[in-house]
Amino acid sequence: MEAPVIESKVPAWRAAFTRFLAEHPAAQFGAQSRRDAFERFEAHGLPTRRHEYWRYTPLRALDPDQALASKGGDPFAAVDGYRLVFVDGVMDASRSDHLALGAAIDVADGSKDCSWVDIVAEDARAHTAVERPFAELNRALCSHGLAARIPAGVKLDKPILLRYEGAQPAHLRVGLLVEDGAEVTVLESGAGALTMLIEARVGSGASLHHLRAQTELVDRQFASLFARVLEGGHFASFTLAADAALIRNETMLDLTGDEARGHVAGGVLGRAGSVIDNTVFVTHAALKGESRQVFKNVLDEDGRGVFQGKILVRKGAQKTDGYQISQSILLDERAEFDAKPELEIYADDVACSHGSTSGAIDETALFYLRSRGVDRRTAESLLVAAFIEEAIAEIADEDLQEVMRGEVARWMTERAG
C-alpha cells in the first residue's frame, strides 16, 4: 500500500526549494543537511499566533520570489574594514576584500580542512529552547556567506563589513569561530537579503562585537543570530532598525562558561505601517554570568514595535546578573508597542530584573525646550536622541556610536518632512 501524500504546509516554499536544489550552484554543498533543514521548516510552517514567540508577529503569507526594494545609502560606507559585498545572494569579488581578509584570519573556501566550521553549527542546532523556523529556512536556501575562524589571540585590526545588495530575496549565512583570547567586530547592512543567519562560538576570554543597520529596508527581513559564549568570553550586539514592512530579529545566547557576558541592545524607529520585532532569549548555564538587554523604541503614525525578551537561569548558574529593559515613546496615538519580558530562574543566588515602559513623549521636557525658542519638531528630535542614547551607548566603538546617532538624526529629519 502506498504511503499517503502529505500536503505541504508551505507549498510555495517547497517549490522554491525544489528549484534551488535543481538550479543553484550552491545546492551541491551540504545537500542532505539542506533537505533536513527544509523539512524542519516545512514541519513548522509559517509562524502564526499559535506559536509562542510569534504571537505578536504572525505571518499569513510570504512570497519566496517577491523582489526586495531598498532606500537610502550604506550607513557604513565610510567605515574602514574588510568589506564583503553580496549581490543577489552571491559575493561580488570585484568589490570585496575577501583576499585581504583571508590573509588575516582563516576563511573557509573549500581548498583546505575546515572541520572547525561544524563546531558553531553544532552549537546552534543544540539550542532547542525556541523554535527558529527562519534559521532552518536559511540553512536550506543559503546561497553564500562567510565561514571564518579568528585564531587564538588574534585581534582583527578592522571590522568585517557584510553588505547585502540586490533585489532577489537572498539567504546569507555566517559562521564564526572566535578562538580563545581573539577579538573581532562584524557589521551588517543592506536590504538585499530576506534571511540572514549568524552562528558563532566565542571562546574563553574572546570578544565578538556585532552591529547591524536596518535603515535601508522597505519590505521585509528576517535575521537570526546564535552565539555560545565560553568562560570569560564577551558577546555584544546592537541593531538599529527603521521603517520596513516587517523586520524580525532573533538573538539567542547561551552563556555556558563561567563569567561569560552577553549584551544585546537595539533601537527601533518605526512609522507608516512598519512592524519591527526584536526577540531575545538568553540562557545562563554557568557561574557569575552577566547579560544585558536594552531596547528603545520610537514609534510614530501607525508604526508597531514588538519586544520579547527572556532570561533563563539554569540550575547551578549562581551569581548570575541578568538585566533587561524595553521602553518606547509613542509619537502618535495610533502607534503600538507590544512587550513580553520573561524571567525563568532555577538558581537561588542571582540578581535578575526586567522592566518595560511605554508612553508619550515627556511633555514637561518638551515645554522646557519650546519655552527657549526651540520649535516642536526640533525639540522632539532632541528628546528622541536622548531617549535612544542609552541603547547606542552599549556600542563599544565611539566612531560606530556616531554612525548610529547620524542614522537616528536622519530619520527624525525625514519625519519632519
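For a 29 Å ceiling on Cα separation, which of these pairs sit above it: LYS158/LYS315; LYS155/LYS296; LYS288/LYS310; LYS155/LYS288; LYS319/LYS340?
Working: LYS158/LYS315 39 Å; LYS155/LYS296 31 Å; LYS288/LYS310 18 Å; LYS155/LYS288 25 Å; LYS319/LYS340 24 Å.
Flagged as over cut-off: LYS158/LYS315; LYS155/LYS296.
So how far, in whole Å, is the C-alpha centre of segment 296-370 from the one of segment 205-220?
20
Can you pull the semi-axes for segment 257-311, root of five times each eigenvalue of the Cα gyration tensor, sorted largest first, whole Å? Intermediate values should be presented prior to the final figure.
Details: eigenvalues 184, 17, 6 Å².
Each semi-axis is the square root of five times an eigenvalue, giving 30, 9, 6 Å.
Can you give the calculated 222 nm mean residue ellipticity of the chain, where each DSSP H run of n ≥ 4 adds -39,500 (n - 2.57) and the sum is split over every residue, rounded to the nearest 500 deg cm²/dmol? Don't jump to the answer; show the numbers that get you there.
Details: 8 runs with 97 residues, N = 417.
Calculated at 222 nm, the ellipticity per residue is -7000 deg cm²/dmol.
Per the Cauchy relation, a quarter of the hull surface: what is the mean projected area of the convex hull of the alpha carbons in segment 41-145, in nm²? Numbers along the way, then the final one.
On the way: hull surface 39.4 nm².
For segment 41-145, the mean projected area of the Cα convex hull comes to 9.9 nm².
Can you tell me the alpha carbon radius of gyration of segment 74-206 divided by the globular rule-of-thumb value 2.2 N^0.38 Å?
Details: Rg = 14.5 Å, N = 133, 2.2 N^0.38 = 14.1 Å.
Taking the Cα Rg and dividing by 2.2 N^0.38 Å, one obtains 1.03.
Sorted from largest to smallest, which semi-axis lengths in Å does the alpha carbon gyration tensor of segment 143-285 give for its equivalent ellipsoid, taking the root of 5 times each eigenvalue?
Equivalent ellipsoid semi-axes, largest first: 27, 17, 12 Å.
So who's got an amide H within less than 5 Å of the one on HIS210, skipping anything under 5 residues away but keeping other chains? H placed 1.01 Å off N, in plane.
HN-HN under 5 Å from HIS210: VAL186, ALA236, SER237, PHE238.
How are the alpha carbon pair distances in the chain distributed across 20 Å bins from zero to the largest one, expressed in percent?
27, 59, 14, 0, 0
Taking loop as defined by DSSP and a crowding limit of 13 other beta carbons within 10 Å, which trypsin sites (Lys or Arg not before Pro) in segment 247-334 fit?
On the way: sites: ARG248, ARG261, ARG271, LYS288, ARG292, LYS296, ARG304, LYS310, ARG314, LYS315, LYS319, ARG334; in loops: ARG271, LYS288, ARG314, LYS315, LYS319, ARG334.
Taking segment 247-334 and a limit of 13 other Cβ atoms within 10 Å, the loop trypsin sites (Lys or Arg not before Pro) found are LYS315.
With label points built 7 Å along Cα→Cβ from the Cα atoms of ALA167 and ASP63, find their separation and express it in nm.
1.2
Would you please put 360-373, 183-196, 43-56 in order of how densely packed they are, using the mean number of other Cβ atoms within 10 angstrom per residue and starting with the highest? Let's see the in-between values first.
Working: 360-373: 11.9, 183-196: 23.9, 43-56: 15.1.
Top to bottom by mean Cβ count within 10 Å: 183-196, 43-56, 360-373.
Distances over 13 Å make up what percent of all Cα-Cα pairs in segment 359-417? Don't jump to the answer; show the numbers that get you there.
Values: 1074 of 1711 pairs.
Within segment 359-417, distances greater than 13 Å cover 63 percent of Cα pairs.
Each reported figure results from applying straightforward, stated rules to the coordinates on display, with no laboratory input. Keep in mind it's a predicted model, so treat the numbers as computed, not measured. Counting neighbours? That spans all protein chains shown, and the Cβs are built from the backbone with ideal geometry, glycine included.
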